[in-house]
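Here the structure is laid out as structure tokens; the discussion comes afterwards.
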Amino acid sequence: MQATHRITVFIVEDHAPVRERLISMLDRAERFTVVGEAETPQAAIEGILHTVPDSVVLDVHLIGGNGLEVLRGVRAVEPGIDFVVLTNHPNAQYRRAFINAGASCVLDKTTEFAKLPEAILASGMPSYRSQSKIA
């Protein structure tokens, strides 16, 4: 029997209840393994570079900094890691900044939370990346 590759995910979110909800949702999807979590930029960068996950779920606002610091810091060392931004601040300015820095897509926590597993699966596809830039 052939084992299915589970996508490794690191969660960067400053609110513990949201992190717990994300972990629970990804665990139920059975395609993902959460390999770490962090609530500050420094802890996130260190954890991501230590675990080298397939994908990172990233919030915009973090304790002591922001998600752009994490995205840029990790991309400088490990450019192959996909980033899916999940935020309460999905305005055009943030979307543009994160997409330009290398995020695959930006999702609204309020209206697109349930789309996260699909976005993680699709984040490596070039067509998904080009669609996510239109916002």
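How large is the dipole of the chain about the Cα centre if only Lys and Arg carry +1 and Asp and Glu carry -1, each at its Cβ, rounded to the nearest 20 debye?
On the way: 13 positive and 16 negative charges, 96 e Å.
Rounded to the nearest 20 debye, it is 460 debye.
Using helices alone, I'd like the mean residue ellipticity at 222 nm for the chain: each DSSP H run of four-plus residues gives -39500 (n - 2.57), total over residue count, nearest 500.
On the way: 7 runs with 64 residues, N = 135.
Dividing the helical sum by the residues of the chain leaves -13500 deg cm²/dmol.
Could you list which residues have their amide H under 5 Å from that of residue 107, counting only those 5 or more apart in sequence or on another chain, with H placed in the peptide plane?
85, 86, 87
Please list 66-72, 95-101 highest first by mean number of surrounding beta-carbon atoms within 10 Å per residue. Write down the numbers at each step before the final one.
Numbers: 66-72: 20.7, 95-101: 17.4.
In descending order of packing, they fall as 66-72, 95-101.
Near the amide H of residue 61, under 5 Å away, which other amide H atoms are found, from residues 5 or more places off or on another chain, if H is placed in the peptide plane?
Amide H neighbours of residue 61: 67.
Where the Cα atoms of the chain are projected onto their three principal axes, how long is each span, largest first, in whole Å?
Over the chain, Cα extents along the principal axes are 47, 31, 30 Å.
Pick out, from 50, 7, 63, the residue whose Cα sits farthest towards the positive end of the charge dipole of the chain, with +1 on the Cβ of Lys and Arg and -1 on the Cβ of Asp and Glu.
Result: 7, furthest along the dipole toward the positive end.
What residues qualify as long-range amide H neighbours of residue 33, i.e. H under 5 Å apart, gap of 5 or more or another chain, H built at 1.01 Å from N?
7, 8, 9
Residues in region 65-81, backbone N under 20 Å from the label point at residue 112 (7 Å along the Cα-to-beta-carbon vector): list them, ranges by number please.
In region 65-81, the label zone of residue 112 (backbone N under 20 Å from the point 7 Å along Cα→Cβ) covers 66-72, 81.
Values quoted throughout were computed directly from the atomic coordinates according to the rules given, and no laboratory measurement underlies them. Given the structure is predicted, the values throughout are model-derived calculations rather than measurements. We place every Cβ from the backbone using ideal geometry, glycine too, and count neighbours over all the protein chains shown.
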